[in-house]
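Report on one structure; see the data block that follows.
The values are calculated or read from the model by the stated rules, or taken from the named source; none is laboratory data. Because the structure is a prediction, the values reported are computed rather than measured. When we count neighbours, we look across all protein chains shown, and the Cβ atoms used for this are built from the backbone with ideal geometry, even at glycine. Heavy atoms of the whole protein, side chains included, go into the accessibility calculation; ligands, DNA and RNA do not. Shrake-Rupley method; radii C 1.70, N 1.55, O 1.52, S 1.80 Å.
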Amino acid sequence: MVEPLVEFAVLPVAAAAALATLLAFAVHLTGFRLADRARETSLDGRIGWVFLAGVVSGTGTWSAATLLVSTFAGQAGLRANLVVTAFFIAVAASLASFLIANRRSTPRALAAGFVAAAGLVAVIAIEVRALPLDPAPALSAGTTLTVLLAATLTIAAAHFAFRTPGVRRPSSLAAAIMAPAATVSCLLLLFSTTLRPGVQVFDGPAVIGSWGVAAAVALAVFLTIGTGMATALIHRDAEFASQRRLKRLADASVEGLAILDGNRVVEVNETLVRLIGRPVEHLRGAEFVGGLVTGDQMEEGGDPSLVREALLNVPGREPVPVEVVARPLDYDGRPHVVFAVRDLSDRRDAELRIRFLAEHDPLTALPNRTAFRRELERASAAVEAGGGSLALFIIDLDRFKEANDVFGHRAGDAVLVEVAQRLRGLLPEGATAARLGGDEFAVVVPGVPVPHGCAEIAQAIVAALAGTIDHEGQRIVVGGSVGVAVAPADGTSADLLVARADMALYRAKDQGGGVSCFFEVAMDEETRLRRMLAFELREAIGAGQLSLAYQPLVDLGSRTVTGFEALVRWEHPVHGTIAPTIFVAIAEESGFIAQLGEWVLRTAASEAARWERPLTVAVNLSPLQLEQQQLPDIVREILVGTGLSPTRLELEVTETALIRNPQRALDVLRRLKAMGIRIAMDDFGTGYSSLSTLQSFPFDKLKIDRSFVDRVGTHGQAASIVRAVVGLSRSLDIRVVAEGVETEAQIAFLSGEACDEVQGFMVGMPLPIQRYEHLTRGDREPPPAGRKRVAA
């Protein structure tokens, strides 16, 4: 006969069922929330969260079943060993189900539900067997219904908790299903349980009374919920701390960041707040500003990344160029879009600056060579295609290097800036001025009247550059030379116009500077001739076309020859004798001066080494040779190779050579002088810094320029200058030589002023050394050669 297990009242059982359901819901909700944490955390912390979730959820199942069974047991209590066994089975089954469902998938969710259902049925069955009855109650056919109900509800709860997408608060729903699954299944099993005949209730130390069961359940529930809540709070506090750190990191970003839900702002960083210039509270919840790409413009299923440039329109301010980068973001469990807004203002400014520097000179802000070339090609192509005219002016500053060396590089930069300003001020509309490099400028003027308009512009340029330039209280005078080429008369290609303007500029510089010259056909022929001579000069040494002439230097006191100056000569097979002033300049322009100078030095040293008398031999050094750091090594090798004593070699330099690069030149001269070589300053008095040069370097000899010696008998100032130079040399213990002596009157004047040596046609013309062989052997000197003037 089927009878109730014990006598009970309906109201206490209903109250117990409600309480058990409530406790189960609270504990299962805590367990499912902990399982959610496990899926959100990293692999290292996932096992701990799963274990805690299994213990909490298993405790909920056990608490509900134990509370209901103890209500049926009344004062009889429950067997302690089976109650403990049920607890561990409940925890083990719950832990296994959470481990199975840790990775979300439908098969795993179903498997987790089956494991949880099996654990639930096992726990209820063991709890019923824990009633202190002898013989134990027997399960009836109603157990099948209990198993099916428990399995159905548990699997549904697992599916909602672990798999169903789009369900709001799945943990709450799963707990709401799992809690009645335990209580209803337990009640069904209790009501379907039968008592065997002769059942007796026993009491003993192995039985826990009803109050003990209630206390154990309450303690387990309290500890479980408390542990879960404490753990969740600790984790939440850690998340808040992590979010605060991320917020500080986001605020430190150079990019503005905005998190959008649709096109509504959820969160922004400080960089975006500063960029937009509006308070944070005005941005949160507002539509994204500035006409930028918003979240609702993200195409479903398309590329989630959007990178584009836009203008950020902020009221009351100029539009700000920005770059917007969009990325999808899972924020608070929901899909959002994060926008990174990068301010491009600095980059745009830098790009504009780079573009400007690519086409302009950074010092003068004029177009550079590249930009000028492009403008010239455009203008010349227009002339060639549609007629009209244009004028090209190539400008080179006069005496700029000297001013730069004397007043310093800052002053040189100030001169270039002032020149650029003056050019801008005088050019007509449509003209373009540019700095080609160094102290070279260019101007192209389209549509200028030819030739009068070109001449007026050229004269205006020369006049503008002739004025003084004030810099830090110093008055600097440079001036400028201008070469002019006109299209189409002088050509229509940019290359040809530049080449012909350069030829005209060379002619202007050759005339002394400070003038303008127009291109003429004869200039082209002269240029071709100079280029041909530059090529043939390199072959002249091997062809035996170069030779040395020697001009004696005479001591005025003893009227004896003290040495010779070696002067290079070129006898061209077609053009005849070419003046040194021409081919030496060509050698300097073509870069051949170093080889030419070395040949002269080696040839002169070899010749002097064969003389019986220890006469000196003087050789001129080019300014470009003085810039060679290896020059002292070359001279030493020549002296060793020829056997000439260093004391018999005299090297002559000009003041112009010294001021090209004073420090390097003086360093080279000091190294030469340390070898015992004599150093003479040639053309003294014609440079810009004679006295400062004498102070910087102890020369052995000064050579007074012929321009002063020529006029000693006709100009009192010239005589005073010569007298002053001789007196200065005597006070500095430096020998002085007068160049270009051609008359007895000059000899008499120089003797009266105690000049040391003289050189000129009066005492000897430049001749092959064979003509002076009697002097190198020590024979008696012949009378001076004729006074006919020849090129030196």
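Looking at the structure I just gave you, is LEU658 modelled with pLDDT under 85 and open to solvent by less than 20 Å² (accessible area, probe 1.4 Å)?
Yes: the conditions hold for LEU658.
Just checking, does the stretch 772-784 include any residue being in contact with a strand residue (DSSP E or B) (Cβ under 6 Å, 6 or more places away or on another chain), β-branched (Val, Ile, Thr) and either at pLDDT 90 or above or assigned to a helix (DSSP H, G or I) (or both)?
no
Inspect all residues belonging to the stretch 482-505 and state whether any of them is more than 48 Å from the chain's Cα centre (by Cα) and free of Cβ contacts under 8 Å to residues at least 24 places away in the same chain.
For the stretch 482-505, residues more than 48 Å from the chain's Cα centre (by Cα) and free of Cβ contacts under 8 Å to residues at least 24 places away in the same chain: absent.
Hey, can you tell me all the residues within the stretch 619-636 that are farther than 27 Å from ARG528 by Cα and surrounded by 19 or more Cβ atoms within 10 Å (Cβ to Cβ)? Break it down into steps so the answer makes sense when it comes.
The initial filter retains those residues of the stretch 619-636 that are farther than 27 Å from ARG528 by Cα, namely 619-621, 626-636.
Hits for the stretch 619-636 are VAL619, ASN620, LEU621, LEU626, LEU631, PRO632, VAL635.
Let me spell it out: the conditions are (1) surrounded by fewer than 19 Cβ atoms within 10 Å (Cβ to Cβ); (2) closer than 30 Å to ARG613 by Cβ, and SER493 meets all of them except one. Which number is the exception?
Result: SER493 fails condition (2) only.
Which numbered condition trips up ASP470, out of (1) of a type outside the set (Lys, Arg); (2) out of contact with any strand residue (DSSP E or B) (no Cβ under 6 Å at 6 or more places or on another chain); (3) not in a strand (DSSP E or B)?
For ASP470, the failing item is (3).
Go through the stretch 730-747 and count every residue that is farther than 15 Å from ARG711 by Cβ and surrounded by fewer than 20 Cβ atoms within 10 Å (Cβ to Cβ).
The total comes to 7.
Out of all the residues in the stretch 618-651, which are in contact with a Lys or Arg (Cβ under 8 Å, 6 or more places away or on another chain) and in contact (Cβ under 8 Å) with a residue 60 or more places away in the chain?
Within the stretch 618-651, GLU650 is the sole residue that qualifies.
State which residue is most open to solvent (accessible area, probe 1.4 Å) when the search covers only the stretch 708-726 and only residues that are assigned to a helix (DSSP H, G or I) and without any contact (Cβ under 8 Å) to a residue 24 or more places away in the chain.
GLN717
Mind counting the residues in the stretch 516-534 that are open to solvent by 50 Å² or more (accessible area, probe 1.4 Å) and either in contact with a helix residue (DSSP H, G or I) (Cβ under 8 Å, 6 or more places away or on another chain) or hydroxyl-bearing (Ser, Thr, Tyr) (or both)?
Count: 3.
Of the conditions (1) crowded, with 19+ Cβ neighbours inside 10 Å; (2) more than 23 Å from VAL736 (Cβ to Cβ); (3) polar (S, T, N, Q); (4) under 51 Å from the mean Cα position of the chain (by Cα), GLN595 satisfies every one except a single condition; which number is it?
Result: GLN595 fails condition (1) only.
Is it the case that GLU375 is closer than 30 Å to GLY453 by Cβ, open to solvent by 80 Å² or more (accessible area, probe 1.4 Å), assigned to a helix (DSSP H, G or I) and of a type outside the set (Gly, Ala, Ser)?
Against the criterion (closer than 30 Å to GLY453 by Cβ, open to solvent by 80 Å² or more (accessible area, probe 1.4 Å), assigned to a helix (DSSP H, G or I) and of a type outside the set (Gly, Ala, Ser)), GLU375 does not qualify.
Kindly indicate whether any position in the stretch 331-351 is in contact with a strand residue (DSSP E or B) (Cβ under 9 Å, 6 or more places away or on another chain), closer than 30 Å to GLY480 by Cβ and outside any loop (DSSP other than H, G, I, E, B).
Filtering the stretch 331-351 down to residues in contact with a strand residue (DSSP E or B) (Cβ under 9 Å, 6 or more places away or on another chain) leaves 331-332, 334-345, 347-348.
Checking the rest, the ones that are also closer than 30 Å to GLY480 by Cβ come to none.
No; the residues of the stretch 331-351 include none that is in contact with a strand residue (DSSP E or B) (Cβ under 9 Å, 6 or more places away or on another chain), closer than 30 Å to GLY480 by Cβ and outside any loop (DSSP other than H, G, I, E, B).
Just one of (1) open to solvent by 30 Å² or more (accessible area, probe 1.4 Å); (2) in a strand (DSSP E or B) trips up PHE441, so point out which.
(1)
Which residue out of THR616, THR603 is touching a Ser or Thr at 6+ places or on another chain (Cβ under 7 Å), under 17 Å from LEU639 (Cα atoms) and open to solvent by 10 Å² or more (accessible area, probe 1.4 Å)?
Testing whether each residue is touching a Ser or Thr at 6+ places or on another chain (Cβ under 7 Å), under 17 Å from LEU639 (Cα atoms) and open to solvent by 10 Å² or more (accessible area, probe 1.4 Å) leaves just THR616.
Would you confirm whether any residue within the stretch 382-392 is within 35 Å of the chain's Cα centre (by Cα) and hydrophobic (A, V, I, L, M, F, W, C)?
No; the residues of the stretch 382-392 include none that is within 35 Å of the chain's Cα centre (by Cα) and hydrophobic (A, V, I, L, M, F, W, C).
If you check ILE457, ILE461, which single one turns out to be assigned to a helix (DSSP H, G or I), in contact with a Pro (Cβ under 9 Å, 6 or more places away or on another chain), on the phi < 0 side of the Ramachandran plot and touching a residue at least 40 places away in the same chain (Cβ under 8 Å)?
From the options ILE457, ILE461, the qualifying one is ILE457.
Given the condition under 28 Å from GLN629 (Cα atoms), surrounded by fewer than 18 Cβ atoms within 10 Å (Cβ to Cβ) and either among the hydroxyl-bearing types (Ser, Thr, Tyr) or at pLDDT 90 or above (or both), answer yes or no: does some residue in the stretch 545-562 qualify?
There is at least one residue in the stretch 545-562 that is under 28 Å from GLN629 (Cα atoms), surrounded by fewer than 18 Cβ atoms within 10 Å (Cβ to Cβ) and either among the hydroxyl-bearing types (Ser, Thr, Tyr) or at pLDDT 90 or above (or both).
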